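The structure appears right after this line, and notes come after that.
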Amino acid sequence: MKLSRRHLLAAIAALPAAGWAQQPARLDKVTVAGWSKPIVEVTPLLVDEDKGFYKAQGIDLAYVPGAGGGDAIRNILSGQADVAFTDPGSLFAALDKGEKLRAIYDIYPQNVFNVVSLKSSNITRPSDLKGRKIGVYSLSSGTRQNLLVLLHQAGLSESDVTIVVTGLLNFAPLLQGQVDATAATDTGLLVGRRRGVGDVNVMEVKNYLNVSSDMFVVREEVYQQKKALLKRFLKAYRDSAAWMIASPEEAARLAVKRAIDGSDPVVNLDIVRVRNAASVSAGTDKNGLGAFDMASLQKAADAYRKLGLVQREIKVSDVVSQDLLPGRAPKP
């Protein structure tokens, strides 16, 4: 039976409701350059297939692994990623070299870095590190940057110690006597203790310089040209982080299948809870997850220059923007 032109047009007009409307909207790809492999710590970036926080914002999320915050920044500078998951020290180092970068979200307002040693080493203060072998995740990681902060507290420099790259599983070299101390994070220490590191001395860097541990950073060009997309990304991350804070047990279960180190849900839950604690502060209570403490960050930038870790004066208000932050998450 032949259709009239009018009937044909009517049939075509009805097609979206019948079929085309069921097709998913096009997603905009956002690639995050991590400081690590896809581990339990970064669960809010790994569970979109399960929870859909990024897809809800029209985003197809991808993750590029790295070995330290410096790697994350190199991956955005080379165009392999849009957003770097990096630490302030790596940001300061890149700014010191003249890179044009912008920090847009404070992931962990608390300083989570530490230096750990066996009790038998009698390392209880920064000055005790002189002449020692000290493990770090990588030479471009926050563990090295924060170790240098500790050393400077005692008037020491990198040349006063021997730095050994151990990777993330750095407590085995400590137990085997390959290093005298190891620079780690709170979650690294947590896992080390569960795996039998035993009684240790811990020097927490926050007792000397309490500053944000990690933040999202983008190239200045990306910040200027993709504000709407970045705003959607930050809302999705905020929602995912808020979910992990509200539902740590579910996050720990999902990490079993999404994180490369997530085989033990009990350990996962410990890590999730530690990361949740690092994600909040008095500032985030007031202004929502991701809010920066500008005074604290400026103090850190000034300290890095005073300690000789960077040469240029860094004015954080010129390189940190909070205009894309989603604000407080709605209560469930």
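The values are calculated or read from the model by the stated rules, or taken from the named source; none is laboratory data. Computed from a predicted structure; not experimentally measured. Cβ coordinates were reconstructed from backbone atoms using ideal geometry, including for glycine residues, and neighbour counts include every protein chain displayed. In case anyone asks, the SASA skips ligands and DNA or RNA and just uses the protein heavy atoms, side chains included. Shrake-Rupley method; radii C 1.70, N 1.55, O 1.52, S 1.80 Å.
Cβ-Cβ distances below 7 Å connect the following pairs, each with a first residue in segment 185-196 that is of a type in the set (S, T, N, Q), a second residue that is assigned to a helix (DSSP H, G or I), and a separation of six or more residues or different chains: Thr187/Glu41; Thr187/Ile271; Thr187/Val274; Thr187/Arg275. Of the numbered criteria (1) more than 15 Å from Trp35 (Cβ to Cβ); (2) surrounded by fewer than 20 Cβ atoms within 10 Å (Cβ to Cβ); (3) touching a residue at least 24 places away in the same chain (Cβ under 8 Å), the one Leu129 fails is (2). Restricting attention to segment 118-133, does a residue exist that is assigned to a strand (DSSP E or B), in contact with a helix residue (DSSP H, G or I) (Cβ under 6 Å, 6 or more places away or on another chain) and modelled with pLDDT of 95 or more? The answer is no, given that none of the residues of segment 118-133 is assigned to a strand (DSSP E or B), in contact with a helix residue (DSSP H, G or I) (Cβ under 6 Å, 6 or more places away or on another chain) and modelled with pLDDT of 95 or more. Selection of segment 250-263 for residues being charged (D, E, K, R) and modelled with pLDDT of 95 or more yields Glu250, Arg253, Lys257, Arg258. Taking the criterion of being assigned to a loop (DSSP other than H, G, I, E, B), farther than 19 Å from Val191 by Cβ, in contact with a helix residue (DSSP H, G or I) (Cβ under 7 Å, 6 or more places away or on another chain) and not aliphatic (A, V, I, L, M), the only residue of segment 153-171 that qualifies is Ser157. Considered as a group, the residues in segment 146-175 that are of a type in the set (Ser, Thr, Tyr) and under 23 Å from Leu209 (Cα atoms) include one that is least open to solvent (accessible area, probe 1.4 Å), and that residue is Ser157. For segment 176-188, the candidate set comprises residues that are touching a Ser or Thr at 6+ places or on another chain (Cβ under 9 Å) and open to solvent by less than 30 Å² (accessible area, probe 1.4 Å); within that set, the residue that is nearest to Val112 (Cα to Cα) is Thr185. Whenever a residue of segment 307-329 is closer than 10 Å to Phe92 by Cα, its partners that are exposed (fewer than 15 other Cβ atoms within 10 Å of the Cβ), lying with C-beta atoms within less than 7 angstrom and at least six residues away or across chains, give the pairs Val316/Met294. The strands (runs of 3 or more DSSP E) found wholly in segment 36-113 and carrying at least 1 residues that are open to solvent by 10 Å² or more (accessible area, probe 1.4 Å) and touching a residue at least 24 places away in the same chain (Cβ under 8 Å) occupy 59-64, 101-108.
Please go through segment 172-203 and give me each residue that is in contact with a Pro (Cβ under 6 Å, 6 or more places away or on another chain) and outside any loop (DSSP other than H, G, I, E, B), ordered by number. None; the set is empty. Within segment 197-219, the set of residues being open to solvent by 50 Å² or more (accessible area, probe 1.4 Å) and over 26 Å from Gln153 (Cα atoms) comprises just one member, Arg219.
Would you confirm whether or not segment 306-313 contains a residue that is assigned to a helix (DSSP H, G or I) and either open to solvent by less than 40 Å² (accessible area, probe 1.4 Å) or out of contact with any Cys (no Cβ under 7 Å at 6 or more places or on another chain) (or both)? Yes, the conditions are met somewhere in segment 306-313. For Ala67, the stated conditions hold: it is more than 24 Å from Leu297 (Cβ to Cβ) and within 16 Å of the chain's Cα centre (by Cα).
Of all residues in segment 223-273, those being open to solvent by less than 50 Å² (accessible area, probe 1.4 Å) and in contact (Cβ under 8 Å) with a residue 12 or more places away in the chain number 27. Residue count for segment 200-221 satisfying the condition of being touching a strand residue (DSSP E or B) at 6+ places or on another chain (Cβ under 8 Å) and over 18 Å from Pro88 (Cα atoms): 4.
Among the residues of segment 6-34, those identified as modelled with pLDDT of 95 or more and either open to solvent by 80 Å² or more (accessible area, probe 1.4 Å) or under 19 Å from the mean Cα position of the chain (by Cα) (or both) are Lys29, Val30, Thr31, Val32, Ala33, Gly34.
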